[in-house]
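The values are calculated or read from the model by the stated rules, or taken from the named source; none is laboratory data. These numbers were taken from a predicted model, which means no experiment stands behind them. Cβ placement follows ideal geometry from the backbone for every residue including glycine, while neighbour counts extend to all protein chains displayed. Quick note on the areas: whole protein, heavy atoms, side chains included, nothing else; ligands and nucleic acids left out. Shrake-Rupley method; radii C 1.70, N 1.55, O 1.52, S 1.80 Å.
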Amino acid sequence: MTSLLSLRGIGMSYGAVTALRDVNLDIAAGEVVALCGDNGAGKSSLVKILAGAQAPTAGTIMLDDTNERFRDPQDALRKGIATIYQDLAVAPRLSIWQNVFLGSELTRPPFGLLDKRRMAEMSRGFLARLAVDIADMETPVERLSGGQRQAVAICRALRWDARIIIMDEPTAALGVKETAQVLDLIRRLHAEKHTVILVSHAMQDVVAVADRVVILRGGRKVEDRPVAGLTAGDLAAMIMQRAA
Amino acid sequence: MIRRTLARYGTALAGVALFAFFALGSPVFLTPDNIALILKETAFLGILAIGFTLALVTAEIDLSIAEVASLAAVVTGALVHGGTNPWIAVGAGLVVGTLCGAANGVAVTVLNVPSLIATLGVAAIAKGFSFMLTQGVAFVGRWPASFTNLARGTLLGVPNLIWWLAGVGFAAWLLVKWTRLGAHLVATGEADEAARLAGIRTRSMKRLALTLAGACAGLTAVLLASSLSSAAPAMANDHFLYAIAAVLLGMSMFEPGRPNIPGTLFAAFTLKVLGNGLVLLGAEYYWQDIVLGTIILVSVALSATGTGKAPFVKKLNFRR
């Protein structure tokens with residue numbers, strides 16, 4: 001299988017502190033890859049590099065066999081990598097369509113004014129693709145459930161037609177029902193052949209939706225294998241075992 | 001439904017009730033001359049408050065607007081008084097206001113000084129320059145009609161000041177509600193980090209908003225000088241608390257909890273109705289200040305109640 005995204009020798013240092021060392025990773029189109037590890041394992045640093053929030057101090061990123069270097073998150077987004085952060089994904093008091101088109105609003109001629117109707121219609125369409133039914137696109141996101149908010153954040157990635165969607169702890173702080181909704185969203189993204197990188201501490205979520213799990217420890221990749229046949233307990237043990 | 005309608009329009013309805021109260025209480029209140037007077041006075045306050053609103057849209061506060069307006073008026077007045085072409089004087093007043101606003105923006109976004117402190121600093125500097133230019137004595141004189149007509153003239157039978165207010169109000173509303181730039185200003189104020197991660201240049205947005213606030217102060221200054229044929233240090237200071245009150249009261253209507261242009265304009269008008277009505281009913285001058293302070297407190301409480309959230313001050317960036 002050819003890789004959509006390839007990382008070679010990725011390293012990240014903050015002064016004397018090394019967060020990532022020589023990380024190699026290949027992710028194929030349409031895969032759901034879980035990125036796991038204990039606190040301080042290097043997950044956040046790797047996500048920031050992929051999101052364009054920071055540049056690696058070593059190594060190369062290949063996207064579709066092309067060497068890439070992301071200037072900023074917007075650059076990564078333009079190149080097809082969207083990142084949905086745990087707490088910072090949405091502007092709570094803004095409406096659904098305002099959040100979906102945050103930073104990339106549509107305008108209409110001749111005066112270049114906002115095309116609110118079209119953005120609302122498109123937002124409804126994106127939500128429909130995720131099987132999320134919300135009647136009013138003017139609803140402020142703060143009135144939505146946690147699962148619906150994640151859906152809105154995913155819609156922003158769909159609006160950019162992102163090929164790779166990075167979800168940073170999407171089920172953290174969510175209840176059982178809302179977690180199930182979010183996992184269902186990931187399955188739908190998978191069904192649409194989107195590539196998902198799921199950063200999670202919830203091993204049961206990883207087992208439920210991921211094709212493959214990558215475990216980081218001390219800034220190094222220590223495990224990279226299919227999830228099939230593993231239980232949440234197995235994954236937790238793998239992280240703990242390596243940590244011991 | 002009723003609760004939401006009341007939250008959005010309750011304060012505005014109270015303003016209408018106040019208008020009706022004064023109309024019933026004074027035979028002079030509803031005369032065309034008096035209504036025109038209220039609207040003209042609303043122009044100074046409204047334009048100044050629109051600038052404050054724009055800064056607040058990006059979750060920054062501009063406490064320098066009154067002193068900046070006074071300095072811009074002094075610069076304009078000094079030039080007109082000295083015989084300079086009035087249009088150059090007008091341009092100079094606008095530039096002074098805009099530059100002071102830009103200085104606020106740089107202090108906040110480049111030097112990382114919280115806007116509460118940065119704008120106080122710029123206010124003090126502006127005040128110092130005002131006194132330096134005037135030596136404490138106002139510029140007063142018989143100024144050219146081409147200059148005084150800016151505020152005192154009429155167009156199609158409507159006082160120019162009302163046109164100015166309508167024009168600036170419409171432009172600001174259009175900017176905030178219907179343009180991409182405005183959407184980015186709003187997003188910056190609503191969720192700075194989410195906006196930045198979405199590619200919005202949030203620092204530029206804050207700089208722009210504070211610069212526009214300065215430009216509005218500059219325009220207010222030019223119109224004040226034009227209207228009064230005079231320019232003096234601290235001449236816009238009386239409008240300062242009223243401008244803040246207009247923005248806060250405006251946040252309790254139309255879009256509760258958010259700074260919004262229609263709310264600011266309606267609130268500015270209501271405040272002027274209140275001042276005018278109290279005078280017509282023979283109330284002592286100090287009642288205006290007492291009522292004003294009460295309005296500031298009540299409007300912040302209302303905007304908190306309307307949204308179920310802490311008021312805007314919680315969103316202001318006190319830390320950098």
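Summary of computed values
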{"read-out": "Residue under evaluation residue A:137, criteria (1) outside any loop (DSSP other than H, G, I, E, B); (2) out of contact with any Cys (no Cβ under 8 Å at 6 or more places or on another chain), criterion not met", "value": "(1)"}
{"read-out": "Pairs with Cβ under 7 Å, 6+ apart, first in the range B:254-268 and within 12 Å of chain A (Cβ to nearest Cβ), second of a type in the set (Lys, Arg)", "value": "B:256/B:8; B:257/B:309"}
{"read-out": "The range B:187-207, subset open to solvent by 50 Å² or more (accessible area, probe 1.4 Å) and in contact (Cβ under 8 Å) with a residue 40 or more places away in the chain, residue nearest to the other protein chains (Cβ to nearest Cβ)", "value": "B:192"}
{"read-out": "Meets criteria (in a helix (DSSP H, G or I), without any contact (Cβ under 8 Å) to a residue 12 or more places away in the chain and not polar (S, T, N, Q)) for residue A:208", "value": "no"}
{"read-out": "Among the candidates B:10, B:46, B:25, residue that is in contact (Cβ under 8 Å) with a residue 60 or more places away in the chain, of a type outside the set (A, V, I, L, M, F, W, C) and in contact with a Phe, Trp or Tyr (Cβ under 8 Å, 6 or more places away or on another chain)", "value": "B:46"}
{"read-out": "Matching residues, the range A:161-192, being of a type outside the set (A, V, I, L, M), outside any helix (DSSP H, G or I) and surrounded by fewer than 23 Cβ atoms within 10 Å (Cβ to Cβ)", "value": "A:161, A:163, A:168, A:169, A:175, A:192"}
{"read-out": "Matching option when the condition is within 14 Å of chain B (Cβ to nearest Cβ), surrounded by 17 or more Cβ atoms within 10 Å (Cβ to Cβ), under 16 Å from the mean Cα position of the chain (by Cα) and within 19 Å of residue A:9 (Cα to Cα), among A:51, A:82", "value": "A:51"}
{"read-out": "Extreme residue, nearest to residue B:174 (Cα to Cα), among residues of the range A:106-134 that are part of a helix (DSSP H, G or I) and within 13 Å of chain B (Cβ to nearest Cβ)", "value": "A:116"}
{"read-out": "Any hit, the range A:23-33, residues being more than 14 Å from chain B (Cβ to nearest Cβ), charged (D, E, K, R) and in a loop (DSSP other than H, G, I, E, B)", "value": "yes"}
{"read-out": "Selection count where residues are of a type in the set (Gly, Ala, Ser), part of a helix (DSSP H, G or I) and open to solvent by 30 Å² or more (accessible area, probe 1.4 Å), scope the range B:122-145", "value": "3"}
{"read-out": "Selection status of residue A:133, open to solvent by 40 Å² or more (accessible area, probe 1.4 Å) and either without any contact (Cβ under 8 Å) to a residue 12 or more places away in the chain or under 13 Å from the mean Cα position of the chain (by Cα) (or both)", "value": "yes"}
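Conditions (1) open to solvent by 30 Å² or more (accessible area, probe 1.4 Å); (2) within 20 Å of residue B:271 (Cα to Cα), marked per residue:
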residue: B:210; (1), (2): no, no
residue: B:217; (1), (2): no, yes
residue: B:224; (1), (2): no, yes
residue: B:229; (1), (2): no, no
residue: B:232; (1), (2): no, no
residue: B:237; (1), (2): yes, yes
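A quick yes/no check of all residues on (1) at the interface with another protein chain (Cβ under 9 Å from one of its Cβ atoms); (2) part of a helix (DSSP H, G or I); (3) buried (at least 24 other Cβ atoms within 10 Å of the Cβ); (4) touching a residue at least 40 places away in the same chain (Cβ under 8 Å):
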position: B:168; (1), (2), (3), (4): no, yes, no, yes
position: B:181; (1), (2), (3), (4): no, yes, no, no
position: B:185; (1), (2), (3), (4): no, yes, yes, yes
position: B:214; (1), (2), (3), (4): no, yes, yes, yes
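Conditions (1) touching a Leu at 6+ places or on another chain (Cβ under 7 Å); (2) part of a helix (DSSP H, G or I); (3) within 28 Å of residue A:223 (Cβ to Cβ), marked per residue:
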site: A:40; (1), (2), (3): no, no, yes
site: A:46; (1), (2), (3): yes, yes, yes
site: A:49; (1), (2), (3): no, yes, yes
site: A:53; (1), (2), (3): no, no, yes
site: A:60; (1), (2), (3): no, no, yes
site: A:67; (1), (2), (3): no, no, yes
site: A:82; (1), (2), (3): no, no, yes
site: A:87; (1), (2), (3): no, no, yes
site: A:91; (1), (2), (3): yes, no, no
